[in-house]
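Reviewing the structure listed below.
The values are calculated or read from the model by the stated rules, or taken from the named source; none is laboratory data. All figures in this text were calculated on a predicted structure; none of them were measured in a lab. Don't worry about glycine lacking a Cβ; one is built from the backbone with ideal geometry, like all the others, and counts go over all protein chains shown. Just the protein is used for accessible areas: all its heavy atoms, side chains included, with ligands, DNA and RNA removed. Shrake-Rupley method; radii C 1.70, N 1.55, O 1.52, S 1.80 Å.
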Amino acid sequence: MKKNKVLLPMMAISLLFGLGLGACNQSGSQSKNNNPSSSVPAKEKIKVTDTNQKTEGEIEIEATLQLQASVEGVTWGTSNAKVATVDDKGLVTAVGVGSTTITATKEGYDKGTFRVTVKRGAPLATLHFEDADHYAADGWWGTADEGWSPLYARSEGNASDQQCIAHLDNGDKETLTFNSNAAIKAELVIMMASSNGVEKMADVMSVKLNNAAVDLGDKAFDSTGSNSEFAEFSLGQLDLISGDNVLELSFLASAPYIDDLMLYSKQQATVTAKPAAEKQRIVAAKESLDVNLGGEPTQIELTAPTAMDGVSFISSKEEVATVNEQGQVSGLKFGTVTITIMKEGWYSARISATVDKEKLPGEIRVQAEDAIDLPSSFHMYTDRTSGIQNGHYGGAYITGYDVNEACALNYKFESEKAQAMTLIIAGASHYQMAEDFVFGVDAVIKLNGQVVTPAGEAKIESNQVMGAPTVEVTIGDVNVIQGENTFVLEFIERAPALDAFRFIPKN
């Protein structure tokens with residue numbers, strides 16, 4: 001009896017735990033089976049189309065385009081409000097040239113998009129910049145103060161006349177007049193080209209229409225890749241008056257190349273350019289003059305007009321050369337100046353005047369840049385370029401700052417007779433010359449195969465600057481033969497800058 005009493009309670013406990021464990025297992029199994037799937041169903045994508053069921057479109061400025069979405073209650077937006085805007089009904093309005101993406105969004109749906117490209121329609125009028133004040137009908141152009149440059153014919157990217165104005169620079173100003181038979185609002189677009197681009201056009205030019213300043217804001221002009229490939233630059237919407245409109249462009253720095261100007265408007269008007277009054281152009285008999293340093297003045301002669309009455313002259317560097325009211329140029333120091341010639345009612349002209357040292361009677365002058373097969377270790381600089389103002393005996397000089405081994409300069413020149421002459425070498429130091437250069441030591445001089453030994457100390461003192469002043473070094477007496485002479489400088493391992501070699505008669 002005792003044994004059975006113990007067993008019953010144990011069976012009851014087992015049964016109780018068994019039921020409990022079963023309940024737990026059943027509950028756990030039900031929980032596992034009721035879990036939702038781990039993958040989320042894809043959202044429905046909103047489809048955006050126009051009324052023709054297209055998913056992208058092209059419209060002109062100020063035009064509208066109605067869009068529709070595949071679901072109701074969407075929110076509309078634009079990626080570039082400067083190109084096109086969109087209202088809450090999906091109506092797109094074109095604002096500026098370019099492309100933008102119109103979006104339709106709604107919670108629970110994937111965003112829908114529609115690509116809109118905005119272009120200009122046909123221009124109301126095209127104005128040729130050649131009708132501006134300083135264009136001459138014979139194919140030349142220039143501002144009144146800056147003289148003339150020829151127009152360049154372009155074969156691509158520009159207007160129908162295939163002509164482009166050479167780029168304007170700091171201080172230039174140009175005026176273009178055109179007539180409109182109605183007061184309208186129009187967008188003014190200039191065709192321009194630049195291989196560099198301009199980050200802020202307001203820093204390059206200022207614009208006035210009928211004496212009212214045109215706000216360029218922060219408008220930039222992107223590089224077109226070359227100066228012959230043109231692109232549009234918009235000045236924005238401007239108010240034209242009925243009658244003559246005057247557009248003024250003033251340049252604050254070097255500008256892109258400029259060609260035609262187009263006017264775009266939805267309003268109707270007849271716009272025609274008013275070419276500047278025809279003028280004659282001043283023509284100088286010579287485009288360049290040689291002026292002797294400290295010598296007699298050199299006279300500027302004109303082909304047109306034939307008289308000097310009312311003609312004025314301006315020198316670009318009066319410290320180098322001055323010019324009086326009669327057109328006589330006086331040289332004060334070595335260098336080159338630009339002389340601008342002007343007369344009221346005429347297009348201006350420019351000539352260059354180079355102040356040089358006068359040749360002595362019978363002097364034979366050999367330019368250093370005229371060497372036969374100039375060695376690559378010598379560099380030639382055009383006179384007065386790159387800030388160098390010291391090539392005083394011709395258009396260029398050569399410098400040997402890269403000479404570090406033996407090399408030679410070879411020349412040939414003609415003499416009418418055999419004669420005794422004094423040889424003078426004109427040259428200068430350069431930034432690589434740490435020590436004085438001594439002729440006869442650092443270089444061997446030969447004339448017609450004979451070594452020329454300097455009569456005394458013949459050297460160019462070290463200055464170690466680029467463009468140091470030219471100095472004259474007297475080598476001594478030499479004998480020149482009749483006919484062709486050969487002149488050679490054999491450098492040991494370094495060389496100075498050289499300007500000219502002067503052979504001056506002894507008698």
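Some observations on this one:
- Neighbours by Cβ (under 9 Å, 6+ apart or cross-chain): first from segment 259-273, assigned to a loop (DSSP other than H, G, I, E, B); second β-branched (Val, Ile, Thr) and at pLDDT below 95: LYS266/ILE61
- Scanning segment 192-222 for residues that are at pLDDT 90 or above and either within 28 Å of ALA277 (Cα to Cα) or among the hydroxyl-bearing types (Ser, Thr, Tyr) (or both) gives VAL204, MET205, SER206, VAL207, LYS208, LEU209, ASN210, ASN211, ALA212, ALA213, VAL214.
- TYR257 falls short on exactly one of the conditions (1) of a type in the set (Ser, Thr, Tyr); (2) open to solvent by less than 30 Å² (accessible area, probe 1.4 Å); (3) modelled with pLDDT under 90, and that condition is (2).
- Residue in segment 492-501 that is of a type in the set (Phe, Trp, Tyr) and either farther than 14 Å from ILE364 by Cα or open to solvent by 50 Å² or more (accessible area, probe 1.4 Å) (or both) present: no
- The number of residues in segment 458-472 that are open to solvent by 10 Å² or more (accessible area, probe 1.4 Å) and either free of Cβ contacts under 8 Å to residues at least 24 places away in the same chain or among the aliphatic types (A, V, I, L, M) (or both) comes to 4.
- Pairing each residue of segment 75-94 that is more than 13 Å from VAL116 (Cα to Cα) with any residue that is in a loop (DSSP other than H, G, I, E, B), provided the two are 6+ apart or on different chains, yields C-beta distances under 6 Å for TRP76/GLY90.
- Residue in segment 307-319 that is outside any strand (DSSP E or B), surrounded by 14 or more Cβ atoms within 10 Å (Cβ to Cβ) and either hydroxyl-bearing (Ser, Thr, Tyr) or modelled with pLDDT of 95 or more (or both) present: yes
- Selection status of GLN299, closer than 17 Å to GLY331 by Cα and at pLDDT 85 or above: yes
- Checking SER265 against (1) under 20 Å from THR175 (Cα atoms); (2) open to solvent by less than 60 Å² (accessible area, probe 1.4 Å); (3) touching a strand residue (DSSP E or B) at 6+ places or on another chain (Cβ under 7 Å), the condition it does not meet: (1)
- Where a residue in segment 233-249 is at positive phi and its partner, wherever it lies, is crowded, with 19+ Cβ neighbours inside 10 Å and assigned to a strand (DSSP E or B), with Cβ under 8 Å and at least six apart: GLY236/GLU187; GLY236/LEU188; GLY243/SER180
- Residues located in segment 349-375, provided they are hydroxyl-bearing (Ser, Thr, Tyr) and surrounded by fewer than 16 Cβ atoms within 10 Å (Cβ to Cβ): SER352
- Residues in segment 437-456 that are open to solvent by 50 Å² or more (accessible area, probe 1.4 Å) and either modelled with pLDDT under 95 or outside any loop (DSSP other than H, G, I, E, B) (or both): LYS446, GLN450, VAL451, ALA455.
- Considering only residues in segment 42-61 that are surrounded by 15 or more Cβ atoms within 10 Å (Cβ to Cβ) and within 29 Å of TYR264 (Cβ to Cβ), the one that is modelled with the lowest pLDDT turns out to be ILE61.
- Taking segment 169-230 as the region of interest, the strands (runs of 3 or more DSSP E) fully inside it that hold 1 or more residues being surrounded by 16 or more Cβ atoms within 10 Å (Cβ to Cβ) and among the basic types (Lys, Arg) are 173-180.
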